[in-house]
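Undergrad: Below is one structure. I have some questions about it.
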């Protein structure tokens, strides 16, 4: 037995082991009852040796973009980024572009309505001075964005950021779980 196996494990080590076990369950390497048993033992583990015993038969998880194996029968397909389409991107881009505007108009109209009610008469609709210029700028930028493909570019950027976040988390998980294994 290695000296490290006798060292006390920290909560973060137990959490990293639990994450590896969850990944193994998700990948189908463990069935639910074995996962449950190992998870209980992981959280009860006192030493690195106890944690390593739970993980020794499980391979390291590799982020999808770094994986070198393909599922049987699949051929790698490389699609240039400009050809990737994001269904529903235009609707989501419009909601994000115009959402703040409609929120601000709702608030200013509510203030105008409350003011009119409190005075007992219909006041001049001053929110038009907020709505008009801001709306005109948004119309021009929306039309320009639709012509230039901004919704698809916006969706691609969001997808890249989401994938980077997933990759970063997966790399962090594998770095943490490496602390649970023998050197």
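Undergrad: I need 7, 170 ordered by Cβ neighbour count within 10 Å, fewest first.
TA: 7, 170
Undergrad: Compute the length gained on full extension between residue 40 and residue 26: take 0.36 nm times their separation in residues and subtract their Cα-Cα distance, giving the result in nm to one decimal.
TA: 3.3 nm
Undergrad: Can you tell me the length gained on complete extension of the stretch residue 167 to residue 115, counting 0.36 nm per residue apart and subtracting the Cα distance? Could the numbers behind the result be given before it?
TA: Working: separation 52, 0.36 × 52 = 18.72 nm, distance 5.19 nm.
Between residue 167 and residue 115, full extension yields 13.5 nm more.
Undergrad: May I ask you to compute the full-extension gain from residue 96 to residue 122, defined as 0.36 nm times their residue separation minus their alpha-carbon distance, rounded to one decimal in nm? Present the calculation step by step, with values, prior to reporting the outcome.
TA: Working: separation 26, 0.36 × 26 = 9.36 nm, distance 3.24 nm.
Between residue 96 and residue 122, full extension yields 6.1 nm more.
Undergrad: Treat each spin label as a single point 7 Å out from the Cα along the C-beta direction, and report the residue 134 to residue 7 distance in nm.
TA: 5.6
Undergrad: Next question, about the same structure. Please give the per residue volume of the convex hull enclosing the alpha carbon atoms of the range 3-59, rounded to a whole number of Å³. Provide the component values of the computation, followed by the final result.
TA: Working: hull volume 3.6 nm³, N = 57.
It comes to 64 Å³ per residue, whole-number rounded.
All of the numbers you see were taken from the coordinates with simple rules; none came from a lab. Predicted model only: the values in this text are computed from it and were never measured. Neighbour counts run over all protein chains shown; Cβ positions are idealised from the backbone, glycine included.
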